[in-house]
Amino acid sequence: MRRMPPEMFRFTTVERSDLYGAVLEAFGVAGEHLETALGLDAVRERLRAVGWAAAVEDEELHEVLKKLVQWELLDVVHNHAENYRTAEEYERRNLQYSLTRRGEAALAGVRHALEVLASTGALQTAVLEAIADRLDELCLLSGEPASADRRIFTTLRELEGHSEALAENTKAFNAELQRLVRAEGADLAVFREVKAATVAYLQEFLVNLDRRGQAVAAAVARVEERGTAVLRERALRGAELPPVAGANPEAGWLESRRARWAGLRAWFLPDDGTRPRIEQLHDIARRAIVSLLQVLERINESRRRSSSAVQDFRELARWFAGAPAEEDLHRLWSAAFGLGSARHAHLAHSDPELIPSSQSWSEAPPVEVSALLRTSGRTERFTRTAKVRDVAAVRAERAERARAERAELARAWEALETDGPVRLSSFGTLDPAVFDRLLDLLGRALSARPDASGLRRAMTGDGRVEIALSPSPDERTAVLRTTKGTLAGPDYVVHFTAVGGASAVPRVRGARQEAAG
């Protein structure tokens, strides 16, 4: 593990740390404007630009700059190219300060720390779709000539940026989510709204998360089939790294690309047999939804009641603490936890004639009191045991209904099965059940974004059959007829296949045989 330079962040813990940070920020802003060296007057001007409004004397500013040079965060050089007319001008314009590599790293570290403190993280489905799009684009660019090396470099960097955003935002959001699950807010109204909104946010993110994760994993596999080592070499040529003194930067650049690709695989297609992190995120989100819903139920329950059991016991504890004598404690205990009112006073002996009317109640035989009377206020009533319901007919009806649904689904996929891409108008007249299946798949495909080849892809709810939809090369109109009516629309080109590229017919026929059995 590499060690951090000991003096790198010392400016954040010493006296006048705000001024030290403002000076470094001033140099950072100057660097963004391509100013590499600042004199004393330029530093003072940049301080005002970054929001430092307090007055700073020249002696104090010299001391701050001297300390930053001592900590190797700034470098100081003498400007021999100027002509100085006075000693004061020489003192103000001779020394030029600039950020060192260590100073740039310290400033970047502080900025990143402040950004992390201000961020909350997010779960963004758009990032997953962007990762899949960049992988598809890399797969296409790998087959183009060397002129595409620069595009490969920019696409690879975009892919790494999206991967880092996914990891960082997910990590930050998960930390906030766990704190929210454990937190107990003072303002129950606001607390309840935040938890309810978080549950809705998680539920929306989980929609089609498995399908998106599988799409990214498949895209990663396609890129690796083309060869990631060759892709990185071409990206290195497209990066056009400048020559530097000392070690060759190409080896470090390639190693960084390999590490980032390994991080992407860990999320979607790990090679060590472990579960993909996207699936772990799925489980964490579902557990968080359950926990948040339980907390919301407790909050709603406490709001429906005027007082809670916790408050009742606390009030009772205060009464016990204020009791003047031990006898009062016993009376209070009997009032709080005793039998209370005589609910059994109306009960009579099973054979009242055996008890003389002149006999005292204390001498009479006891009457049996049911335990149910103490808990619910009702006496036990013994009746005949109810008959066990015969569910054989219900089970047979449900099994028959399931077989009919499977047979209907098999007939629908067999009617829609094609040997290759066909026009939508080729289906002509359809059964209503087949038409409903076709309309559902068309709706799913039209709501999806086109991939790199221009196709819109979607799958059925069970994930078995995939539709590839492409626009019609002309402006023809397709007319589909059913017994319920007629549908007219663009004559799209459609292709139905099973997931994995195999034909959907074997699965359809298997489903029909299962339904027939």
* Looking at (1) open to solvent by less than 50 Å² (accessible area, probe 1.4 Å); (2) at pLDDT below 85; (3) under 23 Å from Cys139 (Cβ atoms), find the lone condition where Val493 falls short. => (2)
* Structure fact -> For the range 58-108 the number of residues that are part of a strand (DSSP E or B), open to solvent by 60 Å² or more (accessible area, probe 1.4 Å) and either in contact with a Ser or Thr (Cβ under 7 Å, 6 or more places away or on another chain) or at pLDDT 80 or above (or both) is 1
* Asked: What's the number of the condition Leu439 fails, among (1) touching a residue at least 40 places away in the same chain (Cβ under 8 Å); (2) of a type outside the set (Val, Ile, Thr); (3) more than 26 Å from Leu135 (Cα to Cα); (4) not in a helix (DSSP H, G or I)?
  -> (4)
* Asked: Before we move on, is Arg111 of a type outside the set (S, T, N, Q) and either open to solvent by less than 30 Å² (accessible area, probe 1.4 Å) or at pLDDT 70 or above (or both)?
  -> yes
* Name every residue in the range 202-232 that is in contact (Cβ under 8 Å) with a residue 12 or more places away in the chain and among the acidic types (Asp, Glu), in order of residue number. => Asp210
* Tell me, yes or no, whether the range 267-274 has at least one residue that is modelled with pLDDT of 80 or more, out of contact with any Cys (no Cβ under 6 Å at 6 or more places or on another chain), exposed (fewer than 11 other Cβ atoms within 10 Å of the Cβ) and within 29 Å of Phe205 (Cβ to Cβ). => no
* Taking the range 317-349, which residues are modelled with pLDDT of 75 or more and either open to solvent by 80 Å² or more (accessible area, probe 1.4 Å) or among the basic types (Lys, Arg) (or both)? -> Arg318, Trp319, Ala321, Pro324, Glu326, Glu327, His330, Arg331, Trp333, Ala335, Phe337
* Restricting to the range 454-483, what's the tally of residues that are open to solvent by less than 80 Å² (accessible area, probe 1.4 Å), touching a residue at least 40 places away in the same chain (Cβ under 8 Å) and hydroxyl-bearing (Ser, Thr, Tyr)? -> 3
* To do: With the condition kept exactly as written, say whether any residue in the range 12-34 is within 16 Å of Gln96 (Cα to Cα), open to solvent by 40 Å² or more (accessible area, probe 1.4 Å) and assigned to a loop (DSSP other than H, G, I, E, B).
  => yes
* Please work out which one of (1) in a helix (DSSP H, G or I); (2) at pLDDT 75 or above; (3) surrounded by 15 or more Cβ atoms within 10 Å (Cβ to Cβ) is the condition Arg395 fails and give its number. => (3)
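The values are calculated or read from the model by the stated rules, or taken from the named source; none is laboratory data. Everything numeric here is computed off the predicted structure, so don't read it as measured data. Every residue, glycine among them, receives a Cβ derived from its backbone with ideal geometry; neighbour counts consider all protein chains shown. Accessible surface is based on the protein model in full, side chains and every heavy atom, while ligands, DNA and RNA are left aside. Shrake-Rupley method; radii C 1.70, N 1.55, O 1.52, S 1.80 Å.
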